[in-house]
Amino acid sequence: MSTLLVWREKLQKIYASYSVYILKGLQFLMGLLLFGLINSNIGFMETASSVFCTGGLAVICTFFPMVVMVVAAAALVLVHFYALSMPIAAVSLVIFVIMYIFYFRFTPKKAWLLLVAALAFALKIPFVIPVVFGLLGTPVWIVPAACGIISYYMVSFVKASAAALRSTDSDSVVNGLMSFTKQVITGPEMWLMVMAVVIGILVVNVIRTRAIDHAWKIASAAGAVVCLIIAAAGNILLDGGVSYVEICLSSVLGVALGIVLEFLFFSVDYSRTENIQFEDDEYYYYVKAVPKIGVSVPEKKVKHITEHQPQETVVIDEKTQGVLASRAAAQGKDSSSGSQAETAAEDIDRNTDEILLTRSLSRELGLDQKGEKPR
Amino acid sequence: MDKQYIGRTCGNVMLDQKKIRLMTRTAIYEKRAGEEDFKITSYYQKDYSSLNTWTTLIWITVGFVLAAGLFFLCGGEDLLEGITILKLLILMAVAVGLYLVLLIVYGIGAGAFYRKKYTRAKRRVKRYLRDLSRLEKMNSKKEISRS
């Protein structure tokens, strides 16, 4: 566990250092995935569905705020719809305008959540959305999630009935238009998924904000189970075409992602929880304090080993020893010449230190082993 | 409290950490929310919230007409089948009732939303102006000490 926590700290440090590049990289990947999916599913206009257009749009949107990507995605969808049938494009435009009027006018910065929801549905992992949105967001996030699901189903309706919608006969056009509008407004599978995701987000959010131990884990599991039950029950009742494998796998993935998110954003130590009660003049307070788990990343200390500096070793022979001894004797005799005597004593001390240092170093480095006799 | 300086001396000039913090904070604010906040606070709160609430109500009317058109396209044939004047009146009453409910809900919601937005913008601008005046004081102090 501590290793994981250290990794988390390292990840945080890396993110703090390179957040601009990481965010732009993720934005580019998201753009590539989004425009690629739109073009591969409803690429009715050949020019707009080319690889260059996909890549180009992704690159351009990388350098702008996320709301530009939302507008570009909506425009690309409308262009493809227009290539298929003008009335379909007009109805789709009206639906996008209604979404803008009733919600995105107020919080345009949250518009990218619509893309995330639609992408999750396109990647066949629908029940990751309630867990992620419920854990990281607020209950208001149900609106962009619902709009994303409606947009996804709108595209998939057109993809499924492209051949019928393509005909140029006026009766067929009117019939196609009415059937498309009916499917978008009253599509049972679409509304079933909208209901499952909305209730899932609310359940996850309500449990996550309770003061209970392991709230995040319980919320993830409960949200996934609620979504699974609603989707399965609705599918049986409506005799819909929701894939059970898909919803089961996405629920499991949602729970796993919930655990990862908890580890990244909410790692606390419930074993050290403190329940405190105190009061002031007006209130009684019942406080539950759960300590955060925090580890400091071990810092690597780099020790610089500088090049060995050769030291001068003074070898004292008999003659020098004699001189030193005579100096010492003179120092003892003549106390008046104190300065000279002090200098001599300092010399002796220094020389003695140097000799001792040399010997100890030689012993440590094994230089004098040759001369030693084996014991 | 002593002034905190960072970095090396550049000639005779030292970097004032407190001043750098203030300048960074003001620059970030100007980059992120400054322009919008100045625009918002150029109004009185009541004017701002009522203007935007009215705009929202107009948008809601447009949205309602578009949504009603879609519903009519979707189920108009069934609705108009065997229509009588009474049925038509009931249908119109339901539509008008829905429209009024929508107007009231969005009117109240938008009013509260824009009042809150104004209050937050005002608070941010106030803090920004306080930071600017502190910076000005620092600069004037420096000028005096130089002279």
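Are there any pairs with C-beta distances below 8 angstrom linking a residue in segment B:120-138 that is of a type in the set (Phe, Trp, Tyr) to a residue that is at pLDDT below 95, with the two at least 6 apart or on different chains, and if so which? From residues that are of a type in the set (Phe, Trp, Tyr), the pairs are B:TYR128/B:THR26; B:TYR128/B:TYR29; B:TYR128/B:GLU30; B:TYR128/B:GLY34; B:TYR128/B:ASP37.
Selection of segment A:31-47 for residues being out of contact with any helix residue (DSSP H, G or I) (no Cβ under 7 Å at 6 or more places or on another chain) and part of a helix (DSSP H, G or I) yields only A:SER40.
Given the residues B:GLU30, B:GLU143, B:GLU136, B:GLU35, which is the only one that is under 21 Å from the mean Cα position of the chain (by Cα), exposed (fewer than 12 other Cβ atoms within 10 Å of the Cβ), more than 11 Å from chain A (Cβ to nearest Cβ) and part of a helix (DSSP H, G or I)? Result of the check over B:GLU30, B:GLU143, B:GLU136, B:GLU35: B:GLU35. Residues that are more than 14 Å from chain A (Cβ to nearest Cβ), among the hydroxyl-bearing types (Ser, Thr, Tyr) and in a helix (DSSP H, G or I) within segment B:38-63 comprise B:THR41, B:TYR48, B:SER50, listed in sequence order. Number of residues in segment B:42-63 that are without any contact (Cβ under 8 Å) to a residue 24 or more places away in the chain and of a type in the set (A, V, I, L, M) equals 3. Helices (runs of 4 or more DSSP H) fully within segment A:144-216 that include at least 3 residues being within 29 Å of the chain's Cα centre (by Cα): A:188-208. Within segment A:81-96, residues that are more than 10 Å from every other protein chain (Cβ to nearest Cβ) have Cβ atoms under 8 Å from residues that are basic (Lys, Arg) and assigned to a helix (DSSP H, G or I) in these pairs: A:LEU84/A:ARG166; A:SER85/A:ARG166, counting only partners at least 6 apart in sequence or on another chain. The sole residue among A:PHE102, A:PHE127, A:PHE96 that is crowded, with 18+ Cβ neighbours inside 10 Å and over 30 Å from B:TRP54 (Cα atoms) is A:PHE127.
Remark: pairs (first residue in segment B:64-75, more than 7 Å from chain A (Cβ to nearest Cβ); second residue of a type in the set (S, T, N, Q) and surrounded by fewer than 14 Cβ atoms within 10 Å (Cβ to Cβ); Cβ separation under 9 Å; 6+ apart in sequence or on different chains) = B:GLY75/A:THR186.
Taking the criterion of being within 30 Å of A:ALA160 (Cβ to Cβ) and within 21 Å of the chain's Cα centre (by Cα), would at least one residue in segment A:257-268 satisfy it? The answer is yes, given that some residue of segment A:257-268 is within 30 Å of A:ALA160 (Cβ to Cβ) and within 21 Å of the chain's Cα centre (by Cα).
Only one entry in A:VAL6, A:VAL68, A:VAL77 is modelled with pLDDT under 90 and surrounded by 13 or more Cβ atoms within 10 Å (Cβ to Cβ), namely A:VAL6.
Which condition does A:THR138 not pass, out of (1) touching a residue at least 24 places away in the same chain (Cβ under 8 Å); (2) in contact with a helix residue (DSSP H, G or I) (Cβ under 6 Å, 6 or more places away or on another chain), if it passes all the others? With respect to (1) touching a residue at least 24 places away in the same chain (Cβ under 8 Å); (2) in contact with a helix residue (DSSP H, G or I) (Cβ under 6 Å, 6 or more places away or on another chain), A:THR138 is out only on (2). Going through (1) out of contact with any helix residue (DSSP H, G or I) (no Cβ under 6 Å at 6 or more places or on another chain); (2) crowded, with 19+ Cβ neighbours inside 10 Å; (3) of a type in the set (A, V, I, L, M) one by one, A:VAL91 falls short only on (1). Suppose the filter is away from chain A (no Cβ under 13 Å) and surrounded by 15 or more Cβ atoms within 10 Å (Cβ to Cβ); does B:TYR114 pass it? Against the criterion (away from chain A (no Cβ under 13 Å) and surrounded by 15 or more Cβ atoms within 10 Å (Cβ to Cβ)), B:TYR114 does not qualify.
Would you check if A:PHE121 is within 22 Å of A:LYS182 (Cα to Cα), within 14 Å of chain B (Cβ to nearest Cβ), aromatic (Phe, Trp, Tyr) and in a helix (DSSP H, G or I)? No; evaluated as a whole, the condition is false for this residue. The requirement of being surrounded by fewer than 19 Cβ atoms within 10 Å (Cβ to Cβ), in contact (Cβ under 8 Å) with a residue 24 or more places away in the chain and either charged (D, E, K, R) or within 14 Å of chain B (Cβ to nearest Cβ) (or both) is fulfilled nowhere in segment A:35-50; no residue meets it. Which residue, of A:ALA160, A:ALA196, is in contact with a helix residue (DSSP H, G or I) (Cβ under 8 Å, 6 or more places away or on another chain), of a type in the set (A, V, I, L, M) and away from every other protein chain (no Cβ under 14 Å)? Going through A:ALA160, A:ALA196 in turn, just one is in contact with a helix residue (DSSP H, G or I) (Cβ under 8 Å, 6 or more places away or on another chain), of a type in the set (A, V, I, L, M) and away from every other protein chain (no Cβ under 14 Å): A:ALA196.
The values are calculated or read from the model by the stated rules, or taken from the named source; none is laboratory data. Because the structure is predicted, anything quoted here is derived from the model rather than measured. Every residue, glycine as well, gets a Cβ built from its backbone with ideal geometry; the counts of neighbours run over all protein chains shown.
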